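Down below is the structure, laid out as structure tokens.
The values are calculated or read from the model by the stated rules, or taken from the named source; none is laboratory data. Source: prediction; values computed, not measured. Neighbour counts run over all protein chains shown; Cβ positions are idealised from the backbone, glycine included.
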Amino acid sequence: MNTFKTALLLTALTLMLLFGGQLIGGQRGMTFALAIAVAMNGVAYFFSDKIALSMSGAKPVTREEAPRLYQIMDRLCGLANLPMPKLYVIPEAAPNAFATGRNPRNASVAVTAGLLNVMTDEEIEGVLAHELSHVRNYDILTASVAATIAGAITHLAFMGRFAMIFGGGRDDDRGGGGLSALLMLFLAPLAATFVQLAISRQREFAADASAAQIVGHPFGLIHALEKLGAYNKRIPMQTDPSTASLYIVAPLSAGSVFMNLFSTHPKLEDRIAALKTMIVTR
């Protein structure tokens, strides 16, 4: 069901981009919008992992440097039938983690030093299983596609507003087309953002459920999420907003007034409740 919802939301984003391009600039506008999306998706597909790792300050670690991390990941990769990802440690006190990479053979998982310090092995196992689930479900690629399409819509709307200010735009505004284009210029970027955030939240729920299935129980992940929520309030992790959606918990959420409305993640209480439901149904 989560996969179906994600597919519907991605379709909505794509249609928004194409129809918005047509309303704002006619056939040429639609073609231009599609070209932007293809170009941005290409960049995201091949380089988003390197960009995310670089922006987070993640450092690669060897088996000798992080034997505990490698041991847990080895076991999980065997359970999930996945190749070993590249492992990184982020020199941050706040516990957190993220995965990136366009497919399982090009995946990387980064954890903070704080996560290794405060989590038990069972909790780390739950966190890493969550991140491996993102890899197995191609969620990083899905998120990259959603982000680039949403970005293309925003860029297109900006160009449309710029053209309108300087007297450009379409001259075939028959049948209310001008009003439709005007609404698209201002509402499309906001709508695209909400759809992108909805996709991100759906994939978090799916990764939690998949992690519990890989490990065989949800207890480690439940305890890890509870601990992550507590530490995230005490030690907010100030990272770049463009990479916030990658982390297992939103690192910039502490004290945000509009956290629920604009969050890339579901509320931790809802995620924990969903995992506890799995215990009841087992």
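Taken over the range 35-60, residues that are in contact with a helix residue (DSSP H, G or I) (Cβ under 7 Å, 6 or more places away or on another chain) and either modelled with pLDDT of 90 or more or under 18 Å from Glu122 (Cα atoms) (or both) amount to 1.
If you go through the range 78-120 one residue at a time, how many are among the β-branched types (Val, Ile, Thr) and part of a helix (DSSP H, G or I)? Steps first, please.
Filtering the range 78-120 down to residues among the β-branched types (Val, Ile, Thr) leaves 89-90, 100, 109, 111-112, 118, 120.
From what's left, part of a helix (DSSP H, G or I): 118.
Going through the range 78-120 one residue at a time, the tally reaches 1.
Modelled with pLDDT of 95 or more, in a helix (DSSP H, G or I) and of a type in the set (Asp, Glu): is that true of Glu226 in this structure? When the stated conditions are applied, Glu226 passes them. Within the range 77-107, restricting attention to residues that are in contact with a Phe, Trp or Tyr (Cβ under 6 Å, 6 or more places away or on another chain) and under 17 Å from Lys50 (Cα atoms), the residue that is surrounded by the most Cβ atoms within 10 Å (Cβ to Cβ) is Phe98.
If you go through the range 191-217 and pick out every residue that is under 16 Å from Asp270 (Cβ atoms) and either among the polar types (S, T, N, Q) or modelled with pLDDT under 70 (or both), you end up with 2.
For the range 41-76, filtering for residues that are surrounded by 15 or more Cβ atoms within 10 Å (Cβ to Cβ) and touching a Leu at 6+ places or on another chain (Cβ under 9 Å) leaves 12. Among the residues examined, Ala188 does not qualify as buried (at least 20 other Cβ atoms within 10 Å of the Cβ) and at pLDDT 75 or above.
The residue pairs whose first member lies in the range 226-248 and is at positive phi and touching a residue at least 12 places away in the same chain (Cβ under 8 Å), whose second member is β-branched (Val, Ile, Thr) and surrounded by 21 or more Cβ atoms within 10 Å (Cβ to Cβ), and whose beta carbons are closer than 6 Å, counting only pairs six or more residues apart or on different chains, do not exist in this structure.
Collect the residues in the range 226-241 that are touching a Gly at 6+ places or on another chain (Cβ under 9 Å) and either loosely packed, with under 15 Cβ neighbours inside 10 Å or within 15 Å of Asn117 (Cα to Cα) (or both), keeping them in residue-number order. If the condition is that a residue be touching a Gly at 6+ places or on another chain (Cβ under 9 Å) and either loosely packed, with under 15 Cβ neighbours inside 10 Å or within 15 Å of Asn117 (Cα to Cα) (or both), then Tyr231, Lys233, Ile235 are the ones that fit. Scanning the range 212-223 for residues that are part of a helix (DSSP H, G or I) and either among the small types (Gly, Ala, Ser) or on the phi > 0 side of the Ramachandran plot (or both) yields a total of 2.
In the range 79-111, the qualifying residues are those that are under 17 Å from the mean Cα position of the chain (by Cα) and in contact (Cβ under 8 Å) with a residue 60 or more places away in the chain, and the one that is farthest from Pro67 (Cα to Cα) is Thr100.
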